[in-house]
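K.L.:
Here you go, one structure.
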Amino acid sequence: MDLTNIDTEKWMDLILDYGLKIVGALAIWIIGSWVIKKLMKGIKKVMLKQEYDESLQKFLLNLVGWILKIVLIIVALGTLGVETTSFAAILAAAGLAIGMALQGSLGNFAGGVLLMIFKPIRVGDLIEAQGEIGVVKEIEIFTTKLTGLSNREIIIPNAALSNGNIINYTTEGTRRVDLVFGVSYDADIKQTKEVIMNVLTSHPKVLKDPAPAVTVLELADSSVNFATRPWCKSEDYWTVYFDVTENVKLALDAAGIEIPYPHSVEIHKDA
């Protein structure tokens with residue numbers, strides 16, 4: 001028996017067997033990579049059309065790209081005859097362990113995705129959330145940054161932000177300024193309303209539509225309180241708030257209408 005011929009035949013069989021597998025794996029890799037590339041372009045177009053946030057686009061594209069590449073690698077290894085069941089189990093176990101370790105971060109990530117997709121807030125909006133008020137400076141994957149009214153940077157985790165109540169003062173474009181002014185019981189109600197209304201109608205940033213309103217709110221212990229409700233653009237809120245407060249005080253003083261305040265009485269005893 002010629003052993004050389006037998007060894008040669010075995011080698012040829014091995015080469016043909018593994019050669020075909022290698023060629024098949026390379027073909028799967030090349031075609032799969034081309035398909036992934038086309039798929040990623042399609043996903044990117046959809047994201048651009050839906051106006052997804054740029055940071056969310058990059059993150060999701062990278063995430064989807066890596067997942068598809070891992071699947072492609074597993075398929076290619078399976079073509080080569082590698083047992084992929086245990087390999088997939090290891091990946092699943094590793095993913096579970098990482099998920100448990102990063103549970104809080106994943107919650108913040110999910111919250112960030114929801115904020116960027118549904119857009120309840122946008123950069124530049126004045127919002128109130130988690131006990132804080134500020135202008136949205138940046139919406140990131142894990143946190144949202146606000147600039148507080150005193151120019152503080154406020155960082156809120158996206159999980160808390162997306163699961164809590166959000167008051168967006170910018171969405172509607174206008175805001176109502178709620179003020180209360182108390183005057184003496186001796187003051188004439190009609191005159192007081194006219195004085196306050198004149199302050200509102202003369203302010204350049206107070207809107208005519210919706211119209212401002214001045215009404216008697218309550219008869220308090222030592223004053224008649226007037227609810228004063230001017231409307232303004234959202235960005236003019238604090239200007240109107242402070243200006244109207246100051247100008248109403250000056251106007252009431254000029255009209256001789258008293259604003260009650262506590263009086264202290266000094267008792268002098270003869271020596």
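The values are calculated or read from the model by the stated rules, or taken from the named source; none is laboratory data. Since the structure is predicted, the reported quantities are computational estimates derived from the model, not experimental observations. Backbone-built Cβ (ideal geometry, glycine too); neighbour counts: all protein chains shown.
K.L.:
Which of the residues belonging to segment 198-229 are charged (D, E, K, R) and either out of contact with any Cys (no Cβ under 6 Å at 6 or more places or on another chain) or touching a residue at least 40 places away in the same chain (Cβ under 8 Å) (or both)?
P.N.:
Matches in segment 198-229: 208, 209, 218, 221, 229.
K.L.:
Identify, by number, the condition in (1) modelled with pLDDT of 80 or more; (2) surrounded by 11 or more Cβ atoms within 10 Å (Cβ to Cβ) that residue 42 doesn't meet.
P.N.:
Among (1) modelled with pLDDT of 80 or more; (2) surrounded by 11 or more Cβ atoms within 10 Å (Cβ to Cβ), residue 42 violates only (2).
K.L.:
So, one more: Considering only segment 150-172, how many residues are surrounded by 13 or more Cβ atoms within 10 Å (Cβ to Cβ) and without any contact (Cβ under 8 Å) to a residue 40 or more places away in the chain?
P.N.:
3
K.L.:
Which of the residues spanning segment 174-202 are out of contact with any helix residue (DSSP H, G or I) (no Cβ under 6 Å at 6 or more places or on another chain) and in a loop (DSSP other than H, G, I, E, B)?
P.N.:
Passing the criteria: 178, 184, 185, 186, 187, 188.
K.L.:
I've got another one for you. Looking at segment 103-147 only, could you name the residues that are free of Cβ contacts under 8 Å to residues at least 12 places away in the same chain and more than 22 Å from residue 47 (Cα to Cα)?
P.N.:
Answer for segment 103-147, where residues must be free of Cβ contacts under 8 Å to residues at least 12 places away in the same chain and more than 22 Å from residue 47 (Cα to Cα): 103, 131, 145.
K.L.:
What do you reckon, is residue 5 assigned to a helix (DSSP H, G or I) and either modelled with pLDDT of 70 or more or touching a helix residue (DSSP H, G or I) at 6+ places or on another chain (Cβ under 7 Å) (or both)?
P.N.:
Taking the combined requirement at face value, the residue does not satisfy it.
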